[in-house]
Amino acid sequence: MIKKIDLVVFDMAGTTVNEDNVVYKTLQKSIHESGYNVSLYFVLKHGAGKEKHQAIKDILAELPKSENQQHTSEAIFKKFKIYLDKAYTDLNVTPCIGVASLFPILKEAGIKIALNTGYNSNLANMLLDKLEWKLGIHYDALITASDVVHGRPNPDMIYKAMKELNVTNSEKVLKAGDSIIDIEEGKNASCGITVGVTTGAHSRAQLKSANPTYVLDSLLELTDILI
């Protein structure tokens, strides 16, 4: 029997928001220009879903020790923020397939919607403004990496969403995201259901390796699970 879910916590980029992996392409560009030869696959594997400065640190930590370490993570992160602000200003952003239909179905069923992200608040709100998604209409809470002390896979963002929306039992929370670290975040929060979706950073095989409850090709498939 499917657990009764009171709250769904959705990741943003690659899960609910289609931004063509611009954030990770920009992350790759910033690291590459700093003298490190990294592929987009490498960046996604080691950085997807994380607070972006932490992502840079973790990506650099995975490089061979023989590579030149002359550029600090702080310098790369500063460059990344400049590039990303420009990229997002010019970017056409759309909802991921099925999301525009899913949100009103969930709300009609009395299920609360929280968005959480490894972005800071400014970038997250820029995306939401482009989508014209409004708090209280399309979603019920926005929790960003800049709102908590510890980013993913720590469960702080999920706990904050639960507190804001008066949900006390994590068994009644579903966490969905496009990366392994989203699934780990949900498990660390003891969410009743964890979902990987193949619309973003990680492949079906990569998502399955984290042992989520479900791996979906579209979030709209949640209607078959929850409604």
Worksheet item: Is there a pair in Lys86/Lys175; Lys81/Lys163; Lys4/Lys112; Lys57/Lys187; Lys45/Lys86; Lys50/Lys187 whose C-alpha atoms are over 19 Å apart, and which pairs would that be?
Response: Lys86/Lys175; Lys81/Lys163; Lys57/Lys187; Lys45/Lys86
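Just the number, please: percent antiparallel of the DSSP beta bridges in the chain, rounded to the nearest 5.
On the way: 2 of 24 bridges.
Counting DSSP beta bridges with both partners in the chain, the antiparallel share is about 10 percent.
Ranked highest first by the average count of other Cβ atoms within 10 Å around their residues, in what order do 196-204, 89-97 fall?
Details: 196-204: 22.1, 89-97: 13.7.
The packing order, highest mean first, is 196-204, 89-97.
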Practice prompt. Would you list the P(r) distribution for region 46-158, with all Cα-Cα distances sorted into 5 Å bins from 0 and each bin expressed as a whole %?
Written response: 2, 10, 17, 19, 18, 15, 9, 5, 3, 2, 1, 0
Response to the item:
Counted neighbours (other Cβ, 10 Å), sorted fewest up, put Phe80, Phe42 in the order Phe42, Phe80
Worksheet item: If you line up the long axis of helix 121-131 against the longest principal axis of the chain, both from Cα atoms, how many degrees apart are they, to the nearest 10?
Response: 60
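Within a 10 angstrom radius of the beta carbon, how do Tyr214, Tyr36 rank from fewest other beta carbons to most? All intermediate terms of the calculation are to be shown ahead of the outcome.
On the way: Tyr214 16, Tyr36 19.
Fewest to most other Cβ atoms nearby, the residues stand as Tyr214, Tyr36.
Just rank Glu51, Glu74, fewest to most, by other beta-carbon atoms within 10 angstrom. Please report the intermediate quantities before stating the final value.
Values: Glu51 22, Glu74 11.
Starting with the residue having the fewest Cβ neighbours, the order is Glu74, Glu51.
For region 157-204, what class follows from the C-alpha gyration tensor (a ≥ b ≥ c being the square roots of its eigenvalues): rounded when a/c is under 1.5, otherwise prolate if a/b is larger than b/c, else oblate? Walk me through the numbers on the way to the answer.
Numbers: a/c = 2.62, a/b = 2.24, b/c = 1.17.
It is prolate, given that a/c is not under 1.5 and a/b is the larger ratio.
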Fill in: Principal-axis tilt of helix 73-90 within the chain, Cα atoms, nearest 10 degrees
60
Worksheet item: Once all Cα-Cα distances of region 22-90 are split into 5 Å bins that start at 0, what whole-number percent is in each one?
Response: 3, 19, 34, 27, 12, 3, 1, 0
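Suppose a student asked you for the relative contact order of the chain, using Cα pairs under 8 Å spaced at least 6 residues apart; what percent would you report? Intermediate values should be presented prior to the final figure.
Values: 408 pairs, mean separation 60.6, N = 227.
Computed over the chain, the figure is 27 percent.
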Item to complete: Could you pull the Cα extents of region 106-158 along its three principal axes, largest to smallest, in whole Å?
Response: 32, 24, 12
Practice prompt. Report Rg (one decimal) and Dmax (nearest whole number) for region 1-40, counting Cα atoms only, units Å.
Written response: 16.6, 52
Worksheet item: If you project the alpha carbons of the chain onto their three principal axes, what span does each projection cover, largest first, in Å?
Response: 53, 34, 30
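Any read-out appearing in this document is the output of simple, stated calculations on the displayed coordinates, not a laboratory observation. Note that the structure is predicted; figures quoted are calculated from it, not measured. Methodologically, a virtual Cβ is constructed for each residue, glycine included, from the backbone with ideal geometry; neighbour enumeration extends over all protein chains shown.
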